[in-house]
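In what follows, a single structure is set out as structure tokens and then discussed.
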Amino acid sequence: MIDAHSITRPGPALTDQAGRRIVPRTEMKTLGFIPRRADITRAAFREHYETQHAPLALRHIRVFAKYVRNHVVHALPREPGFDCLPEFWFDTPEATATIGAWLASPAGEVLRQDEARFMDRARIASCTVRERLLFGPERTVESGVTRKLGLALTRGASGAPPEFEARVTDFAVSVRRRNEGSILRISLDLPLDPLQAALPLHALISLWPRTPDATLDIPPCDAALGTLTVLTLDAVETPPRALRD
């Protein structure tokens, strides 16, 4: 799912347990930051999203290449300002434009009305991101609910975006080394526009534990890197056969 708008920037090399170099992989997708309404519990928000909103969206939008909802279960040491991180994947940039035009049209009102039933629409944000596979096997279609950790980082006094990316990658390496043998996969999402305003995070490190009940040891990050929020996430992926006609 790499298109002409994907970009690759070199980061520090990672190696597997046998010492072989892992080549980072670059992909493009849209990441959403969806907060719930103040009068709705996180459990009710998730229930509505999975049983009402996602099926409604898929009845009208048939261009997703991959669609994953990452629901926040716990967050430490602070709330992140959102309750779900949906991933919207597309084959072409034109597909993204098609959805944007439809959502803004009168036909898109059906989805906007449903959003208002459980989302705080005024605080919804999104950005186009570049995903790098830092460690482990490439992502596949995941059935059921997949428990993982998200390390949400907001940029501190670490300098320009390229320096921030290098430091975030180094932090991911330290997490992997601290949890040797306990992590299946690590990916890194970075906004394509690193200076985009009003985003609740500037980098997202996603960790797939080898077992659902594994407890990972996450080290603190220094103030120069930024502020770290550790998210426990339940990922729900729509099967590919349900995405398109």
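Every read-out reported here was derived from the displayed coordinates using simple, explicitly stated rules and does not represent laboratory data. This structure is a prediction, so every number in the text was calculated from the model and none was measured. Neighbour counts run over all protein chains shown; Cβ positions are idealised from the backbone, glycine included.
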Asserting the computed 222 nm helical MRE of the chain (DSSP H runs at least 4 long, -39500 (n - 2.57) per run, divided by residue count, to nearest 500) equals -6500 deg cm²/dmol
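Please state the relative contact order of the chain as a whole percent: Cα pairs under 8 Å, 6+ residues apart? Mind dumping the intermediate values first?
Working: 448 pairs, mean separation 71.7, N = 245.
Answer for the chain is 29 percent.
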Going fewest to most other Cβ atoms within 10 Å around each Cβ, 134, 103 line up as 103, 134
With Cα coordinates, the longest principal axis of the chain makes an angle with the long axis of helix 161-178, in degrees rounded to 10, of 70 degrees
Plugging the Cβ-Cβ distance of residue 117 and residue 222 into 1/(1 + (r/R0)^6) at R0 = 25 Å yields, to the nearest 0.05, a FRET efficiency of 0.05
Ordered by fewest other Cβ atoms within 10 Å, a rough proxy for footprinting exposure, 96, 169 read 96, 169
Proxy exposure order for 221, 84 (fewest C-beta within 10 Å first) is 221, 84
Dipole check, the chain, charges on Cβ (K,R +1; D,E -1), about Cα centroid: among 149, 230, 215 the Cα furthest to the positive pole belongs to 215
